[in-house]
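Engineer: Below: one structure in structure tokens.
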Amino acid sequence: MIHRRCSKPSCQKAAVTTLTMQYSEKTAVLGPLEAAHEPGSYDLCSTHADSFKTPVGWSLRRVSGPQRPVFAQDELLALADAVRRAGRVSTKQPVLRTQRGHLGVVAD
Ligand SMILES: [Zn+2]
């Protein structure tokens, strides 16, 4: 169970939802309370979640359940690509130090 307080400075109530502002899509997402506080997201109590008003021109999406799309599909693909590229750069071949029979000792 996660216990964090509402992000509103004057509020002492327990947070029940996390508000995430997706600036690229001009969408505010009210989703399940995140396990850890992320920069750019706001934990809200039920009162402040219900009274939350999106900025003009923005839309509000309420997401229930434990799963919430954090990344858009193209962002996920870009992330996967970046991880793959990073992995390729840092992958070093193990250096075989000694060998006896079919067993070798590999330095790390
Ligand atoms: Zn509150």
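Engineer: Condition (residue is within 23 Å of ASP74 (Cβ to Cβ), crowded, with 16+ Cβ neighbours inside 10 Å and away from the ligand (no atom under 16 Å from the Cβ)) applied to the stretch 3-20: is it met by at least one residue?
Structural biologist: Checked the stretch 3-20: at least one residue is within 23 Å of ASP74 (Cβ to Cβ), crowded, with 16+ Cβ neighbours inside 10 Å and away from the ligand (no atom under 16 Å from the Cβ).
Engineer: OK, next. Give me a count of the residues in the stretch 57-77 that are in a loop (DSSP other than H, G, I, E, B) and modelled with pLDDT under 95.
Structural biologist: Step one: of the stretch 57-77, the residues in a loop (DSSP other than H, G, I, E, B) are 57-58, 63-72.
Subsequent filtering for residues that are modelled with pLDDT under 95 retains 63-72.
Of the residues in that region, 10 qualify.
Engineer: A further question follows. In the stretch 33-54, which residues are of a type outside the set (D, E, K, R), away from the ligand (no atom under 13 Å from the Cβ) and either assigned to a strand (DSSP E or B) or out of contact with any Lys or Arg (no Cβ under 8 Å at 6 or more places or on another chain) (or both)? Reasoning before the result, please.
Structural biologist: Initial filter on the stretch 33-54 (of a type outside the set (D, E, K, R)): 33, 35-37, 39-42, 44-49, 51-52, 54.
Next cut, away from the ligand (no atom under 13 Å from the Cβ) only: 35-37, 39-41, 54.
Correct list: ALA35, ALA36, PRO39, GLY40, SER41, THR54.
Engineer: Which of the residues spanning the stretch 1-32 are under 21 Å from TRP58 (Cα atoms) and in a loop (DSSP other than H, G, I, E, B)? Step through it out loud before you land on a result.
Structural biologist: Step one: of the stretch 1-32, the residues under 21 Å from TRP58 (Cα atoms) are 7-8, 17-32.
Result: SER7, LYS8, TYR23, SER24, GLU25, LYS26.
The values are calculated or read from the model by the stated rules, or taken from the named source; none is laboratory data. Not measured: the values here are computed from a predicted model. With ideal geometry, Cβ positions are generated from the backbone for all residues, glycine too; neighbour counts draw on all protein chains shown.
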